[in-house]
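Read the structure below first, then the notes.
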Amino acid sequence: MIELLEKIVEWGGMKRDIVFLVISAVAVLVSLLVPVDWPVDPAWIAIVLCGIPIILEAIIGLVTEFDIKADVLVSLALIASIIIGEYFTAGEVAVIMQLGALLEDITVAKARHGIERLVNLSPQTARVVADGKEQVVAVEDVKVNDFCRVLPGETIPVDGVITDGQTSIDESVMTGEPIPVDKARGDEVRSGTVNQFGAFTMKATKTGEDSSLARMIALVQSADAGKAKIVRLADKWATWIVVIALLSAVITWIVTGEIIRAVTILVVFCPCALVLATPTAIMAAIGNLTKWGVLVREGDALERLAEIKQVVFDKTGTLTRGKPEVEYVGLLSDAYDKDTLFWLVASAEKSSEHPLGRAIVSSYQSGQKKPLAQAEFFEMKPGRGVKAVVDGRLVAAGNSELMTEEHIEGFDTASSAVYENEGSTVVHVAIDGIAQGYIVLADQIRSGARDTVEGIKKLGITPVLLTGDHYQAAHHIASQVGVKNMKAECLPEDKLTFIADAEEKQERTCMVGDGINDAPALKRSFVGIAMGGVGSDIAVDAADIALVRDNIDALPHVFALSRRMMTTIKLNMTFSLTLNFIAIILAMLGILNPVVGALVHNAGSVLVIGNSALLLRWGMMNHNKGIPQLSQGDSHGNTREWQGNRKHSKQEFS
């Protein structure tokens, strides 16, 4: 029987609910305003279409879980009004309650497919090498200690250790860092990461459910299970409201002997305004945030956001722009000036597919007019750098290993050590076998990152930085944006563990991230906020809120608005309960009848909606008298002036 009732309640969808609500509202108005001796009161249409689902849901809640919510009192008011023939009152109550339920449904999150997308990243096959022969097998057939061959561009099938070859691995799926990591014999590689250049052979160490990608999928799938669930304020108060209303109605009936007074009490105590208090405020706040480029994907996310005590930031793509750019060009001799050295290296890197090479070319082309030359005899050295002949000169650009292998004269790392200590990447440059300089690349901090962190601090919220990058880079970024609490070299499970530990201590935590590696923490956190532009679809799917413009400047407003919204909700509830108590006294005295009582609490609902509507414009005039717009640098990523000294460069572009 219960299963049948549940199917009846769940039948249909949003469109059906809207159609039923419109028809019911028209029927109630006709019942009130058209003085015709109807064979059947038109309000019955509203009772059937909107009232019966409320009654069925109340019965299911009581029978299955003994769950006393606001719909129990509504059902009693509906049934009592029908018994005494007050059909308009019953229809009006049903319409108001269904309106509140519809508003809540609209704010519920859409179906999320992040786990499915994450599963699709898993490689399906692997190249197993045995007895000198290579065979393609299903990835689940790979066993520990098997040898696998991985070609350029392929996804690594299982965790393992490189036994032959050298390459560069894109580990962004695990660490979030966009710069590939050079790997050689003896280095570990993880499933789900992408081999960028050189082919290599690896020995499997973890397969199946033990592999890195499989573990992360499991983390995402299980993260939501431990996530705290918010209980609506209206439902917290519902039990007391039902008890008080029933006692008042029974006592009044016993003392006066007039059942109509008892019914009037149930009608005026019907929590229409109380039910509307939360969804109307949420809808108005969501409308406010859409103007800031903030998409709220979970209906109760803003309620939870008001309780946040600390915000955990990912680094790359969140506090930074997520891609390396040339920050500085250094010279080791006066044989070449900076312009010429930069031009030679960019020309040599023009044929490179490495992200650092592309970054050098992009940075040069964005700030220089001299066209790049056509490189000859281009040679890509995986895990090392490039060599090419440009304008008759042999250019070698890469890491210190390349300089050592090429026996470069005058090479040392003393001049560039300060940049590497700050987490920047240094590309050493040699021309015709002699060290001539270096190019410094770094991920650039977003223009509003420091102001965002300061704004969050002013709200009494503690910022924390968790990143998969190494300590020097993490510390450098944290010091620039003003974050004191920091943890580097974090894998997805490390971020998830940090969030889970904080939640166990009742430290409500918000996670702000952009990458696939952030998905488990985004889903486990009390509130997850994803970068909607540069961020991965999987991260957005796992989050409650998405910054569709990638504009973290909006975060202080989001937190402040959530608190203001909760204040509005509490004011709405206080007003609605006060109005109900006044009306119940008047009903006890016989001053209000059911019809007038219905109109009174209907007026209360209108006032609640009006108060919530004030949130639509809240805070708009406090932020530069308008809505923040993306600057060209935020949307396209302006390059720092590479020629100036480092101090000047940071001041100009911070």
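Looking at the range 203-218, which of the residues that are farther than 21 Å from GLY186 by Cα and small (Gly, Ala, Ser) is modelled with the highest pLDDT?
GLY208
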If you go through the range 159-172 one residue at a time, do you hit one that is of a type in the set (Asp, Glu) and in a loop (DSSP other than H, G, I, E, B)?
-> yes
Note on the range 41-72: residues among the polar types (S, T, N, Q) and modelled with pLDDT of 80 or more are none
May I ask you to verify whether ARG358 is more than 30 Å from VAL483 (Cα to Cα), touching a strand residue (DSSP E or B) at 6+ places or on another chain (Cβ under 6 Å) and of a type in the set (D, E, K, R)?
-> no
Checked pairs for the range 547-566, first under 18 Å from ILE282 (Cα atoms), second β-branched (Val, Ile, Thr) and assigned to a loop (DSSP other than H, G, I, E, B), C-beta under 7 Å and 6 or more apart or across chains, list as PHE559/ILE308; PHE559/ILE461
Taking LEU247 and the conditions (1) under 26 Å from LEU577 (Cβ atoms); (2) surrounded by fewer than 21 Cβ atoms within 10 Å (Cβ to Cβ); (3) at pLDDT 70 or above; (4) in contact with a Leu (Cβ under 8 Å, 6 or more places away or on another chain), which numbered condition does it fall short on, given that it satisfies the others?
-> (4)
Qualifying residue in the range 343-365 (condition: over 34 Å from the mean Cα position of the chain (by Cα), open to solvent by 10 Å² or more (accessible area, probe 1.4 Å) and without any contact (Cβ under 8 Å) to a residue 12 or more places away in the chain) = no
Can you find a residue in the range 310-325 that is open to solvent by 10 Å² or more (accessible area, probe 1.4 Å), closer than 23 Å to LYS457 by Cα, in contact with a helix residue (DSSP H, G or I) (Cβ under 8 Å, 6 or more places away or on another chain) and at pLDDT 90 or above?
-> yes
Please report, ordered by residue number, the helices (runs of 4 or more DSSP H) entirely within the range 571-654 with at least 1 residues that are farther than 30 Å from ALA262 by Cβ and at pLDDT 65 or above.
-> 594-613
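Tell me, which residue of the range 520-534 that is open to solvent by 10 Å² or more (accessible area, probe 1.4 Å), touching a helix residue (DSSP H, G or I) at 6+ places or on another chain (Cβ under 8 Å) and more than 22 Å from GLU504 (Cα to Cα) is modelled with the lowest pLDDT? So that I can check it myself, show each step before the final result.
In the first step, residues of the range 520-534 are kept if they are open to solvent by 10 Å² or more (accessible area, probe 1.4 Å); the result is 523-524, 532-534.
Subsequent filtering for residues that are touching a helix residue (DSSP H, G or I) at 6+ places or on another chain (Cβ under 8 Å) retains 523-524, 532, 534.
Pick out the ones that are also more than 22 Å from GLU504 (Cα to Cα) and you get 532, 534.
Numbers: GLY532: 68, VAL534: 53.
Here the residue is VAL534.
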Sole miss for GLN374 among (1) more than 30 Å from THR318 (Cα to Cα); (2) in contact with a Gly (Cβ under 7 Å, 6 or more places away or on another chain); (3) surrounded by fewer than 21 Cβ atoms within 10 Å (Cβ to Cβ) is condition (2)
Enumeration of residues in the range 186-195 that are farther than 17 Å from ILE516 by Cβ and outside any strand (DSSP E or B) = GLY186, ASP187
Do we have THR290 as open to solvent by 50 Å² or more (accessible area, probe 1.4 Å), of a type in the set (S, T, N, Q) and modelled with pLDDT of 75 or more here?
-> yes
Could you figure out which of (1) crowded, with 24+ Cβ neighbours inside 10 Å; (2) closer than 30 Å to LYS484 by Cα isn't true of LEU276?
-> (2)
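Take ILE434 and decide whether it is in contact with a helix residue (DSSP H, G or I) (Cβ under 7 Å, 6 or more places away or on another chain) and of a type in the set (A, V, I, L, M).
Considered against the rule, which asks whether it is in contact with a helix residue (DSSP H, G or I) (Cβ under 7 Å, 6 or more places away or on another chain) and of a type in the set (A, V, I, L, M), ILE434 comes out as no.
The values are calculated or read from the model by the stated rules, or taken from the named source; none is laboratory data. Computed from a prediction, not measured in an experiment: that's the story for all the values here. Please note: Cβ atoms are built from the backbone with ideal geometry, for glycine as well, and neighbour counts cover all protein chains shown. Please note that ligands, DNA and RNA were not included when accessible areas were found on the heavy atoms of the full protein model with its side chains. Shrake-Rupley method; radii C 1.70, N 1.55, O 1.52, S 1.80 Å.
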